[in-house]
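Reading through the C-alpha cells given below for one structure.
The values are calculated or read from the model by the stated rules, or taken from the named source; none is laboratory data. As the structure is a prediction and not an experimental result, all values here were calculated from the model. Don't worry about glycine lacking a Cβ; one is built from the backbone with ideal geometry, like all the others, and counts go over all protein chains shown.
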Amino acid sequence: MIQRIQTVFLALIVVAMVSLLFLPLWSKVDITTGEEVVLTAWSLFFQTVNEQGEAVQAGAQTGTSTIAIGILAIVAAGVALYEIFQYKSRLNQMKFGLINSMVLIALFGTSFYYANYVGNGMASGNEGNYEAGFYMPILALLLNALANRFIKRDEDLVRSADRLR
C-alpha cells in the first residue's frame, strides 16, 4: 500500500536527489590568488574573484561538464519514484531498491572523483570544502536502506500470514 513508511523514505530520496541538482557539492577558494572552484551537479567551474567575491572580468569563468552527476541524480530519483508505485509487488520493490543503491553509490563515487581529483587540480592552495549537496547521496543511501528494511518486513509479515492459512 502507498501509505506505508517506506513510501515516506522513498519520497525523501526523491527530494534529496532533486535538491542535489540545485545545491553546490564542493567548493574551493584560494584567498591569496583569488581563484574559486565550485562543483555543482552540472558543472565544475573555475573563476578568478576579487575580495568581494565577484568575478574579476567577464568571461573569466572556465568550466568542465559534470553532467554525469546530474544524470545519476535524476536516475536515482526516478527509480525511487517508480519504486513507490510498485507496492503491489514487494519483490520488485526490493529489486529496484538494490538498483537504486548501486546508482547512489555510483553517484557518490562520481561526485567524490570530481571534487577530489578534478577540482583540486584546477586551483592551487588548500583543500576544498564539501557543501550540503555532497552529503545528499549518503542521506539517500541511508533512506534507501531503511525503505528496503521496511519492504522486507512487510514481505516477511505476508509470508508468515500465508503459513497460518
* Asked: Which of (1) assigned to a loop (DSSP other than H, G, I, E, B); (2) touching a Leu at 6+ places or on another chain (Cβ under 9 Å) does TYR114 not meet, given it meets every other one?
  -> (1)
* To do: Identify all residues within the stretch 1-14 that are surrounded by 16 or more Cβ atoms within 10 Å (Cβ to Cβ) and under 17 Å from LEU104 (Cα atoms); write none if there are none.
  => PHE9, LEU10, LEU12, ILE13, VAL14
* Hey, can you tell me all the residues within the stretch 122-157 that are outside any loop (DSSP other than H, G, I, E, B) and at pLDDT below 85? => MET122
* Asked: So which pairs qualify, if the first residue must be in the stretch 82-104 and on the phi < 0 side of the Ramachandran plot, the second must be of a type in the set (Asp, Glu) and not in a loop (DSSP other than H, G, I, E, B), the Cβ gap must be under 8 Å, and the two must be at least 6 apart or on different chains?
  -> ARG90/ASP154; ARG90/GLU155; LEU91/GLU155; GLN93/GLU83; MET94/GLU155; PHE96/GLU83; GLY97/GLU83; ASN100/GLU83
* Residue check for LEU81: within 30 Å of LYS152 (Cα to Cα) and either at pLDDT 95 or above or charged (D, E, K, R) (or both) -> yes
* **Residue match in the stretch 86-102 (condition: charged (D, E, K, R) and more than 24 Å from the chain's Cα centre (by Cα))** => yes
* Asked: Out of the residues in the stretch 103-118 that are hydroxyl-bearing (Ser, Thr, Tyr) and surrounded by fewer than 17 Cβ atoms within 10 Å (Cβ to Cβ), which is nearest to the chain's Cα centre (by Cα)?
  -> TYR113
* **Filter pass, LEU81 being under 12 Å from the mean Cα position of the chain (by Cα) and either surrounded by 14 or more Cβ atoms within 10 Å (Cβ to Cβ) or aliphatic (A, V, I, L, M) (or both)** => no
* **Filter result (crowded, with 17+ Cβ neighbours inside 10 Å and either touching a His at 6+ places or on another chain (Cβ under 7 Å) or farther than 15 Å from ALA145 by Cα (or both)) within the stretch 87-96** => TYR87
